[in-house]
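Novice: First, the structure itself, so that you have it in front of you.
The values are calculated or read from the model by the stated rules, or taken from the named source; none is laboratory data. Just so you know, these numbers come straight off a predicted model, no measurement behind them. Counting neighbours? That spans all protein chains shown, and the Cβs are built from the backbone with ideal geometry, glycine included.
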Amino acid sequence: MIEIKNLHVKIAEDGTEIIKGLNLSVEAGEVAAIMGPNGSGKSTLSYVLAGKSDYEVTEGEVLYKGKNLLEMEPDERAAEGVFLAFQYPMEIPGVATMNFLKAAMNSQRKARGEAEFTTPDFIKKVKAAAGGLGISMDMLKRALNVGFSGGEKKRAEILQMALLEPTLCVLDETDSGLDIDALKIVSDGVNALRSPDRAFIVITHYQRLLEHIVPDSVHVLHEGRIIQSGDKDLALHLEENGYADVIANAA
Amino acid sequence: MNVALKHTAAEETLLAMGNSAAAIAKLQAIGLPTRRVEAWHYTDLRNLLKTVPAAASAVDAGKVEASFNTYKRLTHATRLPFMNGSYIPALADETPIGVLVSYDEAKSSDPGADDDAIGLINSIAGSNGLSLNIKDGTKFDKPIGLAQLVDDNVYCGTNHSVAIGKDAKISIIERHISADGIAGHANAITNLTVGENSEVLWAIVQEHGDSATHLGQLNITLAQNAKLTVLALNCGGKLVRQEINVDSNGEGAHLEILGVNLVGDGSHIDVTTRLSHNVPHTTANETFRNVVTGNGKGVFQGQIKVAQPAQKTDAQMACNTLLLSDDADFSAKPELEIFADDVICAHGATVTDIDEDHLFYLRARGIPETDARALLVKAFVDEIFDDLEDETFKDALVGLINEWLDNNG
């Protein structure tokens, strides 16, 4: 599904190198967890995959379904099926959530040459998806993420993911700021979307999320590189021993 | 040494129109204001006002209805129409019981203070006007529409008096329309008094074409516990100045000003407000959102004056501007003059481009850049009218905004 080869990334503004030769390959149907201490480059990786312009790729490539992902605009990536669930979803005053969802869904369909949803079809789809995530129609009438609690914002991200039906889902610290109940709702939402055609990159700090979204592979990111890969037991090992010994072994 | 002022072409025309000896003497002595007059610092009227067209001779009654019909109505209002400066009673809707209307042709008005150029022009170039008396306890859901259509290169002066009694609830929409290419000059003054406990919405919808001059002035007096919302949308005109002057003279009076200025290429739009809190316990909340494109120039001057007895005044003012091009220009001047010691007054002005993080979020969901920008600009201004009760009117305003953004964005 996605192949990241020798990726080097710096911050465009000040030239600080964050990703320093990252290699990662994720297959369709796979859930890959990326764990790492603060500052290891986890969020940068997610932004680079989504196409944020604050970062500059200096070396390496990213192939997504065989295509050069880095050459695409952010909206083209989305239409091709890339979805980033933001760590801090933006509050956008004045844009009603429903209008935003409709614009996003229909823009993607248009870009793929598919017919746009009619309003009744769209509403039916949203209602069905929102119910399972405990999102009320009242909430969807409000401005996008404005005044939403931390948990509501994350649920809204998962709702968008469910409606946009991406093939590569990048979840950036989706567990941050969630209490245990919200974590369960969000994880159930993600698990419901797991399918043989869809890959997930789950970026997290803690093992906690991975108890709910059980990964197929776990990768440790440190100083901009993957220093160790393993199965779900690697996450348990990190939880017990911290990152220190993995980092020491890699050094 | 006293050198006589050399008058500009516009001043000469105005002097020749001269309806009031006092106004003629004043214009002769001081001329139209330049940027050296503080109230006109960002709108150098003497320089910007090149000509003043002659007043309309007679309105062609046969054309009036057809001309009005080219414009979609904004909501279901009781319409009191003006065309080229004259009232058209034949097209007026029947006013509801409780609303008394009388029409004065060639109203004489006082030239006003030295920096009141709009009052001076109205006085010297002349005006017609309606007197609206709204009786105590009159309550209507259906607004009254004061529409002024300009369909020729003419001067149109209006000077309305609107007196709203006690315990009334009413909306009045003042609308100014003309087509692109019509170089009309509208000078529109309204003196409004809002009685005790009354709840009033006053909307100014200025949608002139690209060649029009519009000088508007709304002078307001609020009585005890009066609640007034002034809604101002400017989405047209070549040279526009809208003044809003408010005297809060009764305790418990509340004023809300919500404004949107859409300033396109070749347009100069100035909104100047003066809120005078003269007694204790009055509140005001003023918010403007501005979008400037092309080489448009926008101006906001917001003055809040709190007199010494006006303790416990709470006045908030915000002016936020989006500049959509490198040549777009906006000047914001908040001004506080406070003589009381126990008041809350705040003002803030921002001038920004579209938030890149918001843009990225929308694009990351598949919305192409141009669509995402348009969505964010619309959101920035539409929000102002969110709480408007009249849904038809709200939709019409949002429609005007969208149309403007589609043509200018």
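Novice: State all residues of the range B:214-228 that are of a type in the set (Gly, Ala, Ser) and either more than 18 Å from the chain's Cα centre (by Cα) or not in a strand (DSSP E or B) (or both); if no residue qualifies, say none.
Specialist: The answer is B:Ala223, B:Ala226.
Novice: Please report, ordered by residue number, the strands (runs of 3 or more DSSP E) entirely within the range A:13-99 with at least 2 residues that are more than 14 Å from every other protein chain (Cβ to nearest Cβ) and buried (at least 17 other Cβ atoms within 10 Å of the Cβ). Steps first, answer last, please.
Specialist: Details: elements: A:17-26, A:31-35, A:55-64, A:82-85, A:92-96.
Filter on the range A:13-99 gives A:17-26, A:31-35, A:55-64.
Novice: Only one residue in B:Ala396, B:Ala346 is assigned to a helix (DSSP H, G or I), of a type in the set (A, V, I, L, M), more than 27 Å from B:Leu48 (Cβ to Cβ) and more than 14 Å from chain A (Cβ to nearest Cβ), so which one is that?
Specialist: B:Ala396
Novice: Oh, and also: Filter the range A:111-126 for residues that are under 23 Å from the mean Cα position of the chain (by Cα), part of a helix (DSSP H, G or I) and not aliphatic (A, V, I, L, M) and give the result. Talk me through it step by step, then tell me what you get.
Specialist: Filtering the range A:111-126 for residues under 23 Å from the mean Cα position of the chain (by Cα) gives A:111-112, A:125-126.
Pick out the ones that are also part of a helix (DSSP H, G or I) and you get A:111, A:125-126.
Once the filter is applied, which keeps residues that are under 23 Å from the mean Cα position of the chain (by Cα), part of a helix (DSSP H, G or I) and not aliphatic (A, V, I, L, M), the range A:111-126 yields only A:Lys125.
Novice: Please find, among B:Ala315, B:Ala340, B:Ala310, the residue that is more than 14 Å from chain A (Cβ to nearest Cβ), part of a strand (DSSP E or B) and either aliphatic (A, V, I, L, M) or farther than 27 Å from B:Leu231 by Cα (or both).
Specialist: Only one candidate passes the filter, namely B:Ala315.
Novice: Residues being polar (S, T, N, Q) and either in contact with a Ser or Thr (Cβ under 9 Å, 6 or more places away or on another chain) or facing another protein chain (nearest Cβ under 9 Å) (or both): count how many of those fall in the range A:107-123.
Specialist: 2
Novice: Would you be able to say whether some residue in the range A:111-128 is out of contact with any strand residue (DSSP E or B) (no Cβ under 9 Å at 6 or more places or on another chain), crowded, with 18+ Cβ neighbours inside 10 Å and within 16 Å of A:Arg155 (Cα to Cα)?
Specialist: The answer is yes; a qualifying residue exists.
Novice: Condition check: of a type outside the set (D, E, K, R) and touching an Asp or Glu at 6+ places or on another chain (Cβ under 8 Å). Does B:Thr34 satisfy that?
Specialist: Details: of a type outside the set (D, E, K, R): yes; touching an Asp or Glu at 6+ places or on another chain (Cβ under 8 Å): yes.
The answer is yes for B:Thr34.
Novice: It is to be established whether one or more residues within the range B:331-353 are crowded, with 20+ Cβ neighbours inside 10 Å, hydrophobic (A, V, I, L, M, F, W, C), modelled with pLDDT of 95 or more and under 20 Å from the mean Cα position of the chain (by Cα).
Specialist: Yes, the range B:331-353 contains at least one residue that is crowded, with 20+ Cβ neighbours inside 10 Å, hydrophobic (A, V, I, L, M, F, W, C), modelled with pLDDT of 95 or more and under 20 Å from the mean Cα position of the chain (by Cα).
Novice: Of all residues in the range A:129-152, how many are more than 14 Å from chain B (Cβ to nearest Cβ), more than 16 Å from A:Leu183 (Cα to Cα) and loosely packed, with under 15 Cβ neighbours inside 10 Å?
Specialist: The number of residues fulfilling the criteria is 4.
Novice: Follow-up question, since we're still on this one. From A:Gly94, A:Gly81, A:Gly150, grab the single residue that is at pLDDT below 95 and either touching a Phe, Trp or Tyr at 6+ places or on another chain (Cβ under 7 Å) or closer than 20 Å to B:Glu369 by Cβ (or both).
Specialist: A:Gly94
Novice: Could we say that B:Leu405 is more than 10 Å from chain A (Cβ to nearest Cβ), in contact with a helix residue (DSSP H, G or I) (Cβ under 7 Å, 6 or more places away or on another chain) and assigned to a helix (DSSP H, G or I) here? Full working, then the answer.
Specialist: Working: more than 10 Å from chain A (Cβ to nearest Cβ): yes; in contact with a helix residue (DSSP H, G or I) (Cβ under 7 Å, 6 or more places away or on another chain): yes; assigned to a helix (DSSP H, G or I): yes.
Taking the combined requirement at face value, the residue satisfies it.
Novice: So, one more: Among the candidates A:Gly81, A:Gly60, A:Gly132, A:Gly113, single out the residue that is over 24 Å from A:Ile4 (Cα atoms) and in contact (Cβ under 8 Å) with a residue 12 or more places away in the chain.
Specialist: A:Gly132
Novice: Take the conditions over 15 Å from B:Val240 (Cα atoms) and modelled with pLDDT of 95 or more and apply them to B:Ser178. Does it pass? Even if it seems obvious, please write down each step before you answer.
Specialist: Details: over 15 Å from B:Val240 (Cα atoms): no; modelled with pLDDT of 95 or more: yes.
So B:Ser178 does not fit the description; no.
Novice: What is the number of the single condition among (1) within 10 Å of chain A (Cβ to nearest Cβ); (2) surrounded by 18 or more Cβ atoms within 10 Å (Cβ to Cβ); (3) under 30 Å from A:Leu70 (Cα atoms) that B:Asp357 does not meet?
Specialist: Looking at each condition in turn, B:Asp357 falls short on (2).
Novice: Name the residue that is farthest from the other protein chains (Cβ to nearest Cβ), counting only residues in the range B:367-386 that are in a helix (DSSP H, G or I) and without any contact (Cβ under 8 Å) to a residue 12 or more places away in the chain.
Specialist: Per the stated criteria, the residue is B:Thr370.
Novice: Sticking with this structure for a sec: Which members of the range B:232-255 meet the condition of being part of a strand (DSSP E or B), more than 8 Å from the chain's Cα centre (by Cα) and more than 17 Å from B:Tyr42 (Cβ to Cβ)?
Specialist: We begin by selecting, within the range B:232-255, every residue part of a strand (DSSP E or B); these are B:232-234, B:239-248, B:254-255.
Among the residues that remain, those that are also more than 8 Å from the chain's Cα centre (by Cα) are: B:239-240, B:245-248, B:254-255.
Across the range B:232-255, the qualifying residues are B:Asn245, B:Val246, B:Asp247, B:Ser248, B:His254, B:Leu255.
Novice: Among the candidates B:Leu32, B:Leu74, B:Leu80, single out the residue that is part of a strand (DSSP E or B) and within 27 Å of B:Asn219 (Cβ to Cβ).
Specialist: Result of the check over B:Leu32, B:Leu74, B:Leu80: B:Leu80.
Novice: Let me ask something else. Filter the range B:54-70 down to the residues that are surrounded by fewer than 17 Cβ atoms within 10 Å (Cβ to Cβ) and either at pLDDT 90 or above or in a loop (DSSP other than H, G, I, E, B) (or both) and list them by number.
Specialist: B:Ala54, B:Ser57, B:Ala58, B:Asp60, B:Thr70
Residues are listed down the side, and each one gets a yes or a no for (1) closer than 23 Å to B:Thr193 by Cβ; (2) over 19 Å from the mean Cα position of the chain (by Cα); (3) without any contact (Cβ under 8 Å) to a residue 40 or more places away in the chain:
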residue	(1), (2), (3)
B:Ala55	no, yes, no
B:His76	no, yes, no
B:Leu91	no, yes, yes
B:Thr95	yes, yes, no
B:Asp110	yes, yes, no
B:Asn133	yes, yes, yes
